Amino acid sequence: MRLSLDELTEMARKCRKDIVRMTNAAGSGHPGGSLSAIDLMVALYGTNLSFRVDEPEWEDRDRFILSKGHASPAMYAVLHQMGILAESDIMSFRKLGSICQGHVDMRWTAGVDFSGGSLGMGMSFGLGCAIAAKMDGSNRLVWVMVGDGETQEGQVWEAAMAASHHNATNLKVIIDRNGIQNDSFIDAQMEIGDIAAKFSSFGWDVKEVDGHDLASVVGVIDWAANTQERPVAIVANTIKGKGVSFMENNPAFHGKAPTDEELGLALEELA
C-alpha cells in the first residue's frame with residue numbers, strides 16, 4: 001500500500017518520537033544521524049519498497065541495506081511504525097538480549113537485511129545482493145543507505161566502480177548528506193567534495209534532493225525505482241538531528257542520547 005504525503009509526514013513524526021524515546025531509555029545510541037535519515041527511510045518504505053509485514057523473510061522482497069548501521073534507531077522506528085516490531089522491542093533498545101541491538105543485525109531483528117558495524121561495507125554487500133537478484137531472474141531492487149562521512153572509505157568507491165562495471169541497474173544508493181560525522185563536521189575531518197559528480201563520473205545516474213522535503217523525496221525515489229539503465233545514486237541534503245532544535249547541526253548528538261530533561265523538550269517539539 002502506498003502512503004499519502006500526509007500519512008508519510010505523520011509517520012516521520014512518530015518515528016522521530018520513537019528515536020528520541022528509545023535512545024533516552026537506553027542512555028546511549030545515535031539519535032543525530034537517525035533523525036537526518038528518517039524522512040528518506042519513511043518515504044522509501046511508504047511508497048516503493050516491496051516487502052511483506054507478515055512475512056519479513058519473503059525471498060523476493062526488495063532489500064534495504066542500512067550501511068550506516070549505527071543509525072539503528074531509525075531502522076527500528078520504521079519497522080515499529082510498519083508493524084514488524086512491537087513497542088516493547090524498540091524500548092528494549094541496546095539492552096542485553098534485546099532484538100534491537102546498537103547496530104542493525106540481520107540475525108536478531110525481523111525486517112533487517114544487513115548486519116552493520118564497521119562503515120564502508122554496505123554498498124559492497126548491496127552490490128552482491130543486486131547481482132544475486134539478477135542471477136535469480138528476480139525483479140527485486142536493492143536499496144542502500146550510506147552516510148556521507150562513510151564515503152571517506154575507499155571500499156565505497158570500489159563498490160561504485162564495480163556496480164557500473166557489472167551493470168547493476170537494480171542497485172539504488174541513498175547518501176545521507178548531513179555534513180557531520182563521529183568527531184565533528186565532515187569538512188573539518190576530511191572534505192568529501194561533490195558527491196553527486198563523483199558518482200556520475202563512476203557511471204551512475206544521479207540526482208540531488210532536499211532530504212526533508214517529503215514530496216521531493218518521494219519524487220526522486222519514484223525516479224530511482226523506475227530508472228533501469230545504470231546504477232542510481234540519490235544525494236540527499238539533510239540536517240543532522242532534524243526535527244529537534246537543539247540537536248540540529250550539533251555534532252554532540254552523533255552519539256549522545258538525550259537526557260530526561262532533553263527528552264521532554266524534544267517530545268514537546270515533536271508533539
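For the chain, the relative contact order works out to 24 percent when only alpha carbon pairs closer than 8 Å and six or more residues apart are counted.
In deg cm²/dmol, rounded to 500, what helix-only [θ] at 222 nm does the chain give when every DSSP H run of at least 4 residues adds -39500 (n - 2.57) and the total is split over its residues? Present the calculation step by step, with values, prior to reporting the outcome.
Values: 10 runs with 114 residues, N = 271.
Estimated from H runs of four or more residues: -13000 deg cm²/dmol.
Label zone (ASP183, point 7 Å along Cα-to-C-beta; backbone nitrogen cut-off 14 Å) within region 128-158: 149-150, 152-153.
Packing-based ranking of 50-62, 196-208 yields 196-208, 50-62, ordered from highest to lowest mean Cβ neighbour count within 10 Å.
Maximal additional length on extending the LEU267-SER216 stretch stands at 15.7 nm, based on 0.36 nm per residue less the C-alpha distance.
Judged by the mean number of other Cβ atoms found within 10 Å, the most tightly packed of the peptides 126-137, 225-236, 144-155 leads the ranking 144-155, 225-236, 126-137. Net length available on complete extension from MET106 to GLU229 is 41.3 nm, with 0.36 nm assigned per residue and the Cα-Cα distance removed. The rule of thumb for compact globular proteins, 2.2 N^0.38 Å, goes into the C-alpha radius of gyration of the chain 0.93 times. Between 0 and 90 degrees, the angle of helix 122-136 with respect to the longest Cα principal axis of the chain falls at about 50 degrees.
We did not get these values from a lab; they are worked out from the coordinates using the rules stated. Note that the structure is predicted; figures quoted are calculated from it, not measured. Positions of Cβ are backbone-derived with ideal geometry, glycine not excepted, and every protein chain shown enters the neighbour counts.
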